[in-house]
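Data first, discussion second: the structure below is written as structure tokens.
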Amino acid sequence: MTEQIIFYLLAIVVTVFSILAVTSKRIVRSATYLLFVLLATAGLYMLLGYYFLFAVQVSVYAGGIMVLFIMAIFLTHKPGNNVSIKQGWRVRLSLLLSVAGLLLCGEIILNNTIGIVRFAGKEEPTMQQIGTAMLGTGKQQYLLSFEMMSILLLACIVGAILIARKTKTEKNEPNETEL
Amino acid sequence: MLIYSQPLELTKLLAAIDNFLQGNLTPGWTVLVKGILVGILILAAYTLIALSLIYIERKVAAFFQARLGPNRLGKYGVIQSLADMIKILIKEVIQINKADKLLFYAAPFFVIVASVLAFGALPFGMNLHALDFNIGVFYLLAVSSLGIIGILLAGWSSNNKYSMIGAMRSGAQFISYELSAGFSLMTIVVLSGSMQFSEIIEGQRYCWNLFNGHLPAMIAFLIYLISGHAETNRGPFDLPEAESELTAGYHTEYSGLQFGFFYLSEYLNMFIVAAVAATVFLGGWMPVQIKGWEAFNQVMWYIPSWAWFFGKAGLLMFFSLWVRWSFPRLRIDLLLNLEWKYLLPINLANLLVMVVIVLSGFTLTDLFPALFGK
């Protein structure tokens, strides 16, 4: 009973703020609405009693990625201005695509409900189990090698920036006001 | 294990309240009433701790600067912060033209909700623990990272360049130092083999983690204190609100209660950092005990666990104030250098050293099980 009430509250938050996030005309507000969606999703994990995923969702998405989003928005030109949506066909196309995506996901979830119940009903894994699953090298434990590859990619990105960066000249470069 | 007499513990009182509620209400209502009671208690503790910290900070600052500090209201000015609170409550909340109203009003709530969420997970004493997840340390790191969003939104929605620069500085600083704080706590998670606060405390019964992990634990402790201090935007790291350059940084445009929220959460974040450091490194609410000295242990247990907790946290908070009023402010590039070029590499190496020490059995509990073992 209580769980159902909390579930519906979270579901309403997710739905309303998802819609607001794409319809809002101010990009910083969109980011904030997206943050609420991510937090409500974290709430759903907590409702399931899976605290590890809750903490991961909050720290990675809400605390990490959203902060980077907002910082990146601040660096854009005039982030406070209202965005005007002109092309009507784009809106209609994306609406169509999202409805199609919803139908596809709904179909998959409906036909595999038994599988979901089986996963959700399991006991919460201990930290030791999660740790071995993440850093193990056994069957189906690919996370370690995956993360190693991401470090390689990071090194590539840093190297690319270093090569592409202009070398500093001794002369004082003219600043923006002079240009 | 011997059961010690604990006359001042709140365990019996809590059990009595629990019995009373269960005797008079159905199970569903019992949970609801208990939840509300715990919520009220946490909010009350939040306010009381913040008010007393503001008073203590002003007195300590005055002491360091050889002046008197608040001394008019009540004996030694003890009700000064209460009077300030009443003043801030009845002040007008000023509306700003051309500011993003919604985000401007929402921003202080992000900051205060993040610190209340973190505050709720602290173990204040024996059985005085609202949330005891098996991922306690991780939960605390996760929810405390939400506060920075409030600061960024506050700076942006104020429509003020100083606020914006303050918020950007704060964001860069918080993201950087959060890494160090997280890694230094992970070092101790490796040592104690658990993320649950109650298990971490139980593991420190005869030997604090600070001594149990000797060299790497002490390095982690120092790094945690530095980065925790930087995360709260205080002391030598208060660039986001450097008053000589940015008036008051991200909360320049705020007034009344909204400003009060930022102010309260700053002090509470300081308390949370000190409390986490005390719990993870200094044994939390566990009294100082020595194996085999039963009489000594009994005397230590006469001091209630919550007094130990607040004593240890208070000591660390005094260090924090000491640092704040002793060092000049860093420049922003020096600040980021300190984190990325020194603290982070040291921290990563330190984590590896800790893993080696734990795996090869060089912790104090492994070396001297007769003295420190469980």
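B:TYR263 meets the conditions (1) aromatic (Phe, Trp, Tyr); (2) assigned to a helix (DSSP H, G or I); (3) surrounded by 22 or more Cβ atoms within 10 Å (Cβ to Cβ) in every case but one. The failed one is (3). Could you please find all residues in region A:53-66 being at pLDDT 85 or above and of a type in the set (A, V, I, L, M, F, W, C)? Within region A:53-66, A:LEU53, A:PHE54, A:ALA55, A:VAL56, A:VAL58, A:VAL60, A:ILE65, A:MET66 qualify. Checking each residue in region B:77-124 for being on the phi > 0 side of the Ramachandran plot and either surrounded by 14 or more Cβ atoms within 10 Å (Cβ to Cβ) or within 26 Å of the chain's Cα centre (by Cα) (or both) picks out only B:GLY77. Can you confirm whether B:LEU246 is hydrophobic (A, V, I, L, M, F, W, C) and surrounded by fewer than 24 Cβ atoms within 10 Å (Cβ to Cβ)? Judged against the criteria, B:LEU246 is a match. Just need a number here: residues in region A:40-64 that are crowded, with 20+ Cβ neighbours inside 10 Å and closer than 16 Å to B:LEU152 by Cβ. Of the residues in region A:40-64, 2 are crowded, with 20+ Cβ neighbours inside 10 Å and closer than 16 Å to B:LEU152 by Cβ. So which residues in region A:23-67 are more than 8 Å from chain B (Cβ to nearest Cβ) and within 17 Å of B:ALA167 (Cβ to Cβ), if there are any at all? Passing the criteria: A:ILE27, A:ALA31.
Each residue in region B:96-118 was checked for being more than 10 Å from chain A (Cβ to nearest Cβ) and in a loop (DSSP other than H, G, I, E, B), and 2 pass. The residue pairs whose first member lies in region A:19-32 and is over 12 Å from A:ILE70 (Cα atoms), whose second member is modelled with pLDDT of 80 or more, and whose beta carbons are closer than 6 Å, counting only pairs six or more residues apart or on different chains, are A:LEU20/A:TYR33; A:ALA21/A:SER30; A:ALA21/A:TYR33; A:ALA21/A:LEU34; A:SER24/A:SER30. From the list B:ALA278, B:ALA307, the one residue that fits, being crowded, with 17+ Cβ neighbours inside 10 Å, within 25 Å of the chain's Cα centre (by Cα) and in a helix (DSSP H, G or I), is B:ALA278.
For the condition within 18 Å of the chain's Cα centre (by Cα), more than 12 Å from every other protein chain (Cβ to nearest Cβ) and in contact (Cβ under 8 Å) with a residue 12 or more places away in the chain, B:LEU239 does not qualify.
Of all residues in region B:125-134, one or more are at pLDDT below 85, surrounded by fewer than 17 Cβ atoms within 10 Å (Cβ to Cβ), among the hydrophobic types (A, V, I, L, M, F, W, C) and touching a Phe, Trp or Tyr at 6+ places or on another chain (Cβ under 8 Å).
Filtering region B:83-102 to residues that are at pLDDT 85 or above and of a type in the set (A, V, I, L, M) leaves B:ALA83, B:MET85, B:ILE86, B:ILE88, B:LEU89, B:ILE90. In the condition set (1) surrounded by 13 or more Cβ atoms within 10 Å (Cβ to Cβ); (2) in contact (Cβ under 8 Å) with a residue 24 or more places away in the chain, B:ASN337 is compliant with all but (2).
Any chance region B:363-371 includes a residue that's of a type in the set (Ser, Thr, Tyr) and over 30 Å from B:LEU53 (Cα atoms)? Yes, the conditions are met somewhere in region B:363-371. Listed here are the helices (runs of 4 or more DSSP H) enclosed by region B:119-208 that have at least 2 residues being within 11 Å of chain A (Cβ to nearest Cβ) and either in contact with a Lys or Arg (Cβ under 6 Å, 6 or more places away or on another chain) or of a type in the set (A, V, I, L, M, F, W, C) (or both): B:136-144, B:147-157, B:161-192.
For region B:34-71, what are the residues that are outside any helix (DSSP H, G or I) and in contact with a Gly (Cβ under 9 Å, 6 or more places away or on another chain)?
B:LEU68, B:GLY69, B:PRO70, B:ASN71 - these are the residues of region B:34-71 that are outside any helix (DSSP H, G or I) and in contact with a Gly (Cβ under 9 Å, 6 or more places away or on another chain).
Within region B:1-33, the residues that satisfy the criterion of being among the aliphatic types (A, V, I, L, M) and either in a helix (DSSP H, G or I) or touching a Pro at 6+ places or on another chain (Cβ under 7 Å) (or both) are B:LEU8, B:LEU13, B:LEU14, B:ALA15, B:ALA16, B:ILE17, B:LEU21, B:VAL31, B:LEU32, B:VAL33.
The values are calculated or read from the model by the stated rules, or taken from the named source; none is laboratory data. What you are looking at is a predicted structure, and each value in this text was computed from that prediction instead of being measured. Here Cβ is always computed from backbone atoms with ideal geometry, including for glycine, and neighbour counts include all displayed protein chains.
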